[in-house]
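Report on the structure given below.
The values are calculated or read from the model by the stated rules, or taken from the named source; none is laboratory data. These figures come from a predicted structure and were not determined experimentally. Cβ placement follows ideal geometry from the backbone for every residue including glycine, while neighbour counts extend to all protein chains displayed.
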Amino acid sequence: MNYDEALKYISDTYKFGSKLGLENIKKLTELLGNPQDKYKIIHIAGTNGKGSTSNMIHDVLMASDYKVGLFISPYLQEFTERIQINKEHIDKASLGRITALVKEKVDIMLKEGYNHPTEFEIVTAIGFKYFEEQNIDFLVLEVGLGGRFDATNAVSKSLISVITSISYDHTEYLGDTLEKIAFEKAGIIKENSDVVVYPQEKNIVDVICEQAKLKNSKVHLTNKDNISLVRADIDEQILNYSDKSVFNLDDFKINLLGEHQIYNCLTVLKVLEILKEKGFNITESSIKKGLSSCKFAGRFEIIHKNPVIILDGGHNINGIEYFSKAVRKYFGDKKIILFYGMLKDKHPEMLIDYLTDISKEIYTLTPNNPRAIASDDLAKLINDKNSSTKAKALNNYEEILPIIKNADKDEIIACVGSLYLIGDVRTLLANRDLS
């Protein structure tokens, strides 16, 4: 296959939906020679912060002179973002060749009576095989949905399991309580491994600890008191780490903005401590180098100043809460011009109050995804619930441009919501004169 044929084959499997379960992916990876068992894995599950945490770990390991795979989803602008090594996306020729190989194995599965793998299972298998071919040292592996039955959980062992912030999302698959959701996320924990947990509520931590105990795995809890903010602006945050037992870190920089990113960083530092104690070459200088170089597109990303333009993929209640807190932190009581688009199954009605409180103008958009709520319906939802800030539906992304062009230089403009929306808007605004 060439690149375009590979993308078509992958996208055509979208019709097989999202099925939780490991039978198919385990059969597919078995036919590929179980490539996922050939490298050290740091497996990351959670509702929010998976991507930021994954990228920070990846960049520090890279700065420590390791060859590091990164598997993430979804992508923002180009499919190849999902499968990376040391910041280099999978090349298009390799994607085509490995996709053809995976298709051969899928055809064997179908002849043996298995169901057709889903899109995510196929992409996961492609990533696993590519990382094996490239002989990586580590794979930083981000869960797609949940954990216990996610396709990435075809791995038989992991060096460290990381559980990031847990909140309500995908409740139709994962359960309607935080404890049930935590149970599903903790399903990535493997026997005799280490588990790092983002600082969160005791009821969530208790579930994770219980599952870790069943697997004879050691839980490493994080303590918010061990990290502090020295100073912050819209370019960076300067932090201190007070736990000197392994690393001596003062006045180090992260580019990722918002209070939640401080605690994502705290979680990353605990992971790095464990790796250091296991004998891997992690130093204070490689941590500072990796964290200071780490950027993550679409997460409170400021792409322009005068006016300030922010892109943020907050798409559930915690993500939107983090976004609104960050707006208050960096811009005080100043009201923003908001572009907003969501998927129907993300319960956009629960997020309205957070956004209307900080907005003076709201424009709704329809993300490019079959599960999207139409901009007209989203505007009506906002207007029916809120009388102070009225929303106006836009028909297409290009209608954003004149609104930005006509904005005063001191305005704060934000595009928030589904990552499918954020990626398209980021592409639209790239290399344009927005002054």
Just one listed residue, out of 1, 56, is touching a Cys at 6+ places or on another chain (Cβ under 8 Å) and not small (Gly, Ala, Ser), and it is 56
Quick count over region 39-82, residues being in contact (Cβ under 8 Å) with a residue 60 or more places away in the chain and closer than 25 Å to residue 184 by Cα, is 27
Taking region 146-165 and keeping only residues that are closer than 30 Å to residue 276 by Cβ and not in a loop (DSSP other than H, G, I, E, B), one is left with 152, 153, 154, 160, 161, 162, 163, 165
Just one listed residue, out of 318, 240, is more than 16 Å from residue 57 (Cβ to Cβ), in contact with a strand residue (DSSP E or B) (Cβ under 7 Å, 6 or more places away or on another chain) and either assigned to a loop (DSSP other than H, G, I, E, B) or at pLDDT below 95 (or both), and it is 318
Restricting region 302-333 to residues that are under 17 Å from the mean Cα position of the chain (by Cα) and among the charged types (D, E, K, R), the one nearest to residue 425 (Cα to Cα) turns out to be 312
Is it fair to say residue 339 is over 18 Å from the mean Cα position of the chain (by Cα) and surrounded by 21 or more Cβ atoms within 10 Å (Cβ to Cβ)?
yes
Residue pairs within 7 Å by beta carbon, gap of at least six or interchain, first lying in region 338-353 and farther than 20 Å from residue 368 by Cα, second part of a loop (DSSP other than H, G, I, E, B) and among the hydroxyl-bearing types (Ser, Thr, Tyr), listed first then second, are none
Next item on the list: Go through the residues of region 214-226 one by one and say whether even a single one is modelled with pLDDT of 95 or more, aliphatic (A, V, I, L, M) and under 19 Å from the mean Cα position of the chain (by Cα).
Entry: no
Checked 167, 158, 193 against criteria (small (Gly, Ala, Ser), under 20 Å from residue 315 (Cα atoms) and in contact with a strand residue (DSSP E or B) (Cβ under 8 Å, 6 or more places away or on another chain)); the one match is 167
Taking first residues from region 266-295 that are modelled with pLDDT of 95 or more and second residues anywhere that are of a type in the set (Ser, Thr, Tyr) and in a helix (DSSP H, G or I), the pairs with Cβ under 7 Å that are 6 or more apart or on different chains are 267/53; 268/53
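To keep it simple, each residue is scored yes or no on (1) on the phi > 0 side of the Ramachandran plot; (2) part of a loop (DSSP other than H, G, I, E, B); (3) surrounded by 15 or more Cβ atoms within 10 Å (Cβ to Cβ); (4) out of contact with any Cys (no Cβ under 8 Å at 6 or more places or on another chain).
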position: 225; (1), (2), (3), (4): no, no, no, yes
position: 228; (1), (2), (3), (4): no, no, no, yes
position: 244; (1), (2), (3), (4): no, yes, no, yes
position: 257; (1), (2), (3), (4): no, yes, yes, yes
position: 260; (1), (2), (3), (4): no, no, yes, yes
position: 263; (1), (2), (3), (4): no, no, yes, yes
Query raised in the report: Just wondering, is there one or more residues in region 6-27 that are crowded, with 24+ Cβ neighbours inside 10 Å, under 23 Å from the mean Cα position of the chain (by Cα), modelled with pLDDT of 95 or more and assigned to a helix (DSSP H, G or I)?
Result: yes
Residue pairs qualifying under the 9 Å Cβ cut-off, at least six apart or on distinct chains, with the first in region 389-408 being more than 17 Å from residue 335 (Cβ to Cβ) and modelled with pLDDT of 95 or more and the second being among the basic types (Lys, Arg) and surrounded by 13 or more Cβ atoms within 10 Å (Cβ to Cβ), are 393/380
Picking from 173, 168, the residue that is in a helix (DSSP H, G or I), farther than 16 Å from residue 53 by Cα, at pLDDT below 95 and not acidic (Asp, Glu) would be 173
Here the qualifying pairs (Cβ atoms under 8 Å; residues six or more apart or on different chains; first in region 184-203 and within 14 Å of residue 48 (Cα to Cα) and in a strand (DSSP E or B); second hydroxyl-bearing (Ser, Thr, Tyr) and at pLDDT 95 or above) come out as 197/222; 197/267
Those residues of region 395-435 which are within 16 Å of residue 359 (Cβ to Cβ), surrounded by fewer than 19 Cβ atoms within 10 Å (Cβ to Cβ) and in contact with a Phe, Trp or Tyr (Cβ under 9 Å, 6 or more places away or on another chain) amount to 403
